[in-house]
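**Student:** The structure that follows is given in the form of structure tokens.
The values are calculated or read from the model by the stated rules, or taken from the named source; none is laboratory data. Bear in mind that the values here come from a model prediction, so they are computed numbers and not experimental data. Glycine also receives a Cβ, built like all others from the backbone with ideal geometry; neighbour counts cover every protein chain displayed. These accessible areas exclude ligands, DNA and RNA; they are computed on the full protein's heavy atoms, side chains included. Shrake-Rupley method; radii C 1.70, N 1.55, O 1.52, S 1.80 Å.
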Amino acid sequence: MKARQIMPATSEKDTDVIKFEKINTIIHDSSEDASLYVSQEIINLIKERQKEGKTVVLGLATGSTPTKVYDYLVHAHKEDGLSFSNVITFNLDEYFPMHADSIHSYVRFMNEHLFDHIDIKKENVHIPDGTKTLENVKAFCEAYEEKIEKSGGIDIQILGIGRTGHIGFNEPGSSLSSKTRVVRLDRVTLLDAASDFFGLENVPSKAITMGVGTIMAARRIILMAWGEGKAQIIKQAVEGEIRESIPATFLQQHGNCDFILDSAAASALTRMHNPWLVSECTWTDDLIKKATIWLSEKLDKAILKLTNEDYSEHGMGSLVADIGSAENINLKVFNTLQSTITGWPGGKPNADDSNRPERKDPYPKTSLIFSPHPDDDVISMGGTLLRLVDQGHHVHVAYQTSGNIAVFDDEVIRFLDFALEVQPENKELQVQFDKIRGFLKNKKPGEIDSPEIQRIKGLIRKGEALSACRYCGVLEENAHFQNLPFYETGTVKKKPHSQEDIKLTYDLLNKIKPTQVFAAGDLSDPHGTHRVCLKVVFEALSQLKKDKVEWINDCYLWLYRGAWQEWDIADMEMTIPIGPKDMQRKKNAIFKHQSQKDAAMFPGNDEREFWQRAEQRNKETARKYNALGLAEYEAMESFVRYKF
């Protein structure tokens, strides 16, 4: 388990870091390592109190962040014999109103992830009651506070953090002295929850939550955050001023609070993003590139216009001393960026490829694009896909999941209506239609579709993907629908990936023998599917490498980002310019996915249509390149090469 840690504020060793970070922050390489670290602290306290004959009071959180911690606690109970008989728990929050047996309830969440698997006493478990009426919920909240106080107060409070900076459901505007109460949820919070509730309209607008004051009364607080999607709010919480608009900043005033982060969630912290501002650096080529781009953007000056004074005044005097002059640095970084730009994503035949991101040989190449959902290929790299086809490469697309849960119920009715019009005498189809219509009419929000409906929704997405392939010039036989088993649960929550997922991917790769592979590197996908799909690709490629399959040694792996974010300019290793005509072609390909047009089932935190997000992101990349002093393009798609 690896961790990068700053010293407590009493240490003189890390005064430069402490100047920026106002909360003790521990950074781990992965969320798994971080979760193990947190679980071990909880386990140690439980054991210590057991020896003393005392209880432990834990404040617990829900959501995807703490689930691995709970897995480790369950493992400690089942495999190591750890007893939870001396543990008392209080959960942070619950939606209001909410029945305990609902698939959305935090009662059910905690039971499934923790309580049903350990020997905790039922009377020691406390979760806000979402079934209370408006008339008696205030009294319940007051009683909840009294129970916490009567138990002796919370020993360790576990927290996550929302994109608004909320802790628990303490939204912006919550006061430092607030106690357990009913709150109205912020629109950003509602949007983030929309996927779990199968639509924004189904998310409760209120919740019961412990107050900021209740949380601050805990003797120990651990806030956990994973992924790039939390990076900006973590920076504000750790380095920003204390303000009610970001409730997590109140934690700066707590005497025993740690933020436990994975490297992605910590990526915007000054010591990670701008280490030259914190202490002396070892100036690698990557760090020089990153620092120079940062300086250019900060000063709004093209790279070739940066001066010695610009570098020195912004903490990079040692870089100028090492390299010799600003001009040398500028040229080095400018030429590096220039070499990332290519109109030939498959390599340019009969050309010098020494300064190009892709090789000229072999030509044509066999390109395999992994698309986690049936539209990620055209949304994320549609311009590059079109360019590969136009330049004569053999393009294959592997649609890793069916994407069936993202289809609205009305689409099923629409397609069955059409089928009945085509075959009006088909009595079997009529019976099937009546059965499906009856199910959908009585379907509750979040209820799992029948296997029959899941299959139809999957076929709708498949048909749209084939339509997009035809438009882009990809042969229908080169469209591969994997339907990876981990996804096929009918719910937002998926199964862990298994050897079956890896084998399906291994076999496809070994059948096609691609010269280049493109995969979604969007690890902050809010639903987790991209993250799992990439892991499956990595493990399949690793196994092929282990098996010494010859073609793998000549294969490049390029990672693209999905609808949620883009690579940093400093990380981009291949950028493909997209002209106005090709941008329109890309949008047309996206439009083929009609079930996702106008309104998506899971929009994430951005309510714009996917084509609008893609166009804006691609144009923004081109704008940034131009602002750095490079050529001006309409739009650009970017990739990072993964050396496996």
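**Student:** What shape does region 193-237 take by its C-alpha gyration tensor, where a ≥ b ≥ c are the square roots of the eigenvalues and a/c under 1.5 counts as rounded, a/b above b/c as prolate, and the rest as oblate?
**Tutor:** Working: a/c = 2.93, a/b = 1.33, b/c = 2.21.
Note, shape of region 193-237 comes out oblate.
**Student:** So for region 450-576, taking the charge dipole from beta-carbon charges (+1 Lys/Arg, -1 Asp/Glu), which of W551, Y506, Q516 sits furthest toward the positive end?
**Tutor:** Looking along the dipole axis, the top candidate is Y506.
**Student:** What part of the accessible area of the chain, given as a whole %, is carbon or sulfur when the probe is 1.4 angstrom?
**Tutor:** Carbon and sulfur together cover 49 percent of it.
**Student:** What nm value, rounded to one decimal, do you get for the distance between E539 and F439 when each label is placed 7 Å out toward the C-beta?
**Tutor:** Between E539 and F439, the simple spin-label model gives 2.9 nm.
**Student:** A further question follows. Note the direction-averaged projected area, equal to a quarter of the hull surface, for the Cα convex hull of region 222-322, in nm².
**Tutor:** 7.9
**Student:** Among residues other than A465 whose Cβ falls under 12 Å from its Cβ, what is the net charge (Lys/Arg +1, Asp/Glu -1)? Walk me through the intermediate numbers first.
**Tutor:** Details: positive: R461, K462, R470, K592; negative: D375, D376, D377, E464, E476.
Result for the local shell: -1.
**Student:** Right, here's the next one. Over all alpha-carbon pairs of region 431-542, lay out the pair-distance distribution in 5 Å bins, whole %, shortest bin first.
**Tutor:** 2, 9, 15, 18, 20, 16, 9, 6, 3, 1
**Student:** I'd like to check one number: the per residue accessible area of the chain, probe 1.4 Å, reported in Å² as a whole number.
**Tutor:** It amounts to 44 Å² per residue over the chain.
**Student:** List every residue whose amide H lies under 5 Å from the amide H of I127, counting only residues 5 or more places away in sequence or on a different chain, with H placed 1.01 Å from N in the peptide plane.
**Tutor:** Sorted by chain and number, the residues that satisfy this are N91.
**Student:** Sequence-distant or interchain residues sharing an amide H contact under 5 Å with I578, placed H: which?
**Tutor:** Here E634, A635, M636, E637 satisfy the definition.
**Student:** Could you please report the charge total around K348, scoring K, R as +1 and D, E as -1 over all other residues with beta-carbon less than 15 angstrom from its beta-carbon?
**Tutor:** Values: positive: R356, R359, K360, K365, R387; negative: D352, D353, E358, D361, D390.
Around K348, the surrounding residues sum to 0.
**Student:** Once Rh is set to the Kirkwood radius over Cα pairs, what Stokes-Einstein translational diffusion coefficient, in µm²/s, holds for the chain at a temperature of 20 °C and a viscosity of 1.002 mPa s? Could you put the intermediate results ahead of the total?
**Tutor:** On the way: Rh = 27.0 Å.
The calculation lands on 79 µm²/s.
**Student:** If every alpha-carbon in region 283-436 counts as one equal scatterer, what log10 I(q)/I(0) does Debye give at q = 0.11, 0.15, 0.21 1/Å?
**Tutor:** Log10 I(q)/I(0), no solvent term: -0.72, -0.93, -1.13.
**Student:** Under a Cβ-Cβ cut-off of 12 Å, what is the net charge of the residues other than C141 that fall near it, where Lys and Arg count +1 and Asp and Glu count -1?
**Tutor:** Result for the local shell: -1.
**Student:** Given Cα pairs under 8 Å that are at least 6 residues apart, what percent is the relative contact order of the chain? Present the calculation step by step, with values, prior to reporting the outcome.
**Tutor:** Details: 1142 pairs, mean separation 76.6, N = 644.
Once normalised by length, the contact order is 12 percent.
**Student:** Set Lys and Arg Cβ to +1 and Asp and Glu Cβ to -1, take the dipole of the chain about its Cα centre, and tell me which of G213, A570, F96 lies farthest positive.
**Tutor:** Of G213, A570, F96, it is F96.
**Student:** Please report the base-10 log of the normalised intensity I(q)/I(0) for region 146-305, using a Debye sum with one equal scatterer per alpha carbon and no solvent, at each q in 0.08 (1/Å).
**Tutor:** So the normalised log intensities are -0.32.
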